[in-house]
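First the structure, in the form of structure tokens, and then the observations on it.
The values are calculated or read from the model by the stated rules, or taken from the named source; none is laboratory data. Here the structure is a predicted model, which means the values were calculated and not measured. All Cβ positions, even for glycine, are placed from backbone atoms using ideal geometry, and neighbour counts span all protein chains on display. Note: accessible area is taken over every heavy atom of the protein model, side chains too, but ligands, DNA and RNA are not part of it. Shrake-Rupley method; radii C 1.70, N 1.55, O 1.52, S 1.80 Å.
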Amino acid sequence: MRSSPVDLLDLDSALTEEERGIRAVVRRLVDDRVRPHVADWYEAGQVPARELAREFGRLGLLGMHLSGYGCAGSTAVAYGLACLELEAGDSGVRSLVSVQGSLAMYAIWRYGSEEQKQQWLPAMATGETIGCFGLTEPDHGSDPASMATRARRDGDDWVLSGGKMWITNAPIADVAVIWARTDEGVRGFVVPMDTPGVAAREIGRKMSLRASVTGEISLDDVRLPAAARLPDATGLKAPLSCLTEARHGIVWGALGAARDCLETTLTYATTRTQFGRPLAGFQLTQAKLADLTVEWNKGYLLAMQLGRLAEAGKLRPEQVSVGKLNNVREALAIARQCRTILGANGVSGDYPVMRHANNLESVLTYEGTSEIHQLVIGQKLTGISAFT
């Protein structure tokens, strides 16, 4: 498989043969299964998420960086490359995989009992069972410590009440990992979505991530057995660690959206003629393309460094914040600038650039806004928390 034309630094040479092979398999899947249809999915606001999940499961993409329980046990960089290729198709498609593997599955894999792992993870790895991750609430996004969802003991059971908002996969999920406040602090629960008192409503009228299923979860005195609680998840650090896990995939994924914008724009600029010459022949166009491609290469090097740190067990949360802050911000800037080179065609659904730009507006916000990641980095630099 040839390198991308935006790979100015021979970045492929930093990958192993196995990593390049995994990337090639995912790219073929996206080319065959996503690209021909995603513009229509986006316009319709509908996506065959269950069907895609099963296809991704057959390739071992769901929870691919986890070990055991039917998971592939891939390296952090291999997982990142898969996210890059998936998001080159569409951010919503990558979100399906990220939420399934790095949030719902990871929470059970990291904090669950052996019984919970055996019950849920193998079916989630195949895509037969869909999971979601309930942390964000209607009134509590960037401040999860103020969550209003409560879990109280009632004999040997737990009773959950509250609601979660902007939850990817919720309307089609079979199981949710729900975070709630208890008298002992924040705790996590594995909640089958067919439990009495659980309801999910799909959120419509989205202008972004339209090829993704997003919902609101209502919890009305949901009674769960004691075995539903994630036994090793104590305190807010547990769900935040899951977010750190998922953010690593976003660091890579955003590069996929940006690469697709750049490659589309390069093709367009070299074939579109104005004033008797290709757009790519004008100095202003070349300056734009040069600056954007330099930023993409820098973002890739950052993602690679974080991936290798993760494989060595040395990756820290503030380092992931550096990656999420930089790569999503720069990917969005790349998409916006590419749109200008395409002119009016940049807003057409016949080209992917505006779709990527719209999606990246959501990626910029979810799993930590830019401001939140700036404060995480600032706290590391100064030793002073600016959150309170």
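Quick notes
- Evaluating kT/(6 pi eta Rh) at 4 °C and 1.567 mPa s, with the Kirkwood radius of region 1-146 over Cα pairs in the Stokes-Einstein relation, gives 79 µm² s⁻¹.
- Residues with amide H under 5 Å from that of VAL186, placed H, sequence gap 5 or more: GLY235, LEU236
- Difference of contour (0.36 nm per residue) and Cα-Cα distance, SER241 to LEU8: 80.5 nm
- Surface composition of the chain: carbon and sulfur atoms hold 51% of the protein heavy-atom accessible area at a 1.4 Å probe.
- Whole-Hz Karplus values for region 137-145 come out as 10, x, 10, 9, x, 6, 10, x, 5 Hz, taken residue by residue from phi with 6.51 cos²θ - 1.76 cosθ + 1.60 and θ = phi - 60°; glycine and proline positions read x.
- Burial ranking of peptide ranges 156-169, 305-318 (average Cβ count within 10 Å, highest at the top): 156-169, 305-318
- For region 178-236, the set of trypsin sites (Lys or Arg not before Pro) satisfying both a DSSP loop assignment and a count of at most 13 other C-beta atoms within 10 Å is given as ARG205.
- The mean sequence distance of close C-alpha pairs (under 8 Å, at least 6 residues apart), as a share of the length of the chain, puts its relative contact order at 18 percent.
- Under the combined filter of DSSP loop state and at most 16 neighbouring Cβ atoms within 10 Å, region 198-248 retains none of its GluC sites (Glu not before Pro).
- Nearest-0.05 FRET efficiency for GLN118 and VAL294, computed from C-beta distance (R0 41 Å): 0.25
- Members of LYS237/LYS380; LYS237/LYS324; LYS237/LYS314; LYS237/LYS298; LYS117/LYS314; LYS206/LYS324 lying beyond 21 Å, as alpha-carbon distances in this model show: LYS237/LYS298; LYS117/LYS314; LYS206/LYS324
- Shown in residue order for region 347-357 are the 3J(HN,Hα) couplings computed by the Karplus curve 6.51 cos²θ - 1.76 cosθ + 1.60 at θ = phi - 60°: 9, 8, x, 6, 10, x, 5, 5, 4, 4, 4 Hz (x for Gly and Pro).
- Along region 146-159 the Karplus relation, 6.51 cos²θ - 1.76 cosθ + 1.60 evaluated at θ = phi - 60°, assigns HN-Hα couplings of 9, 3, 9, 5, 10, 10, 10, 6, 9, x, 8, 9, 10, 10 Hz to successive residues, with x for each Gly and Pro.
- Accessible area per residue in Å² at 1.4 Å probe, computed on the chain: 42 Å²
- Extreme residue, positive dipole direction of region 216-355, given options GLY299, LEU230, ALA310 (C-beta unit charges): GLY299
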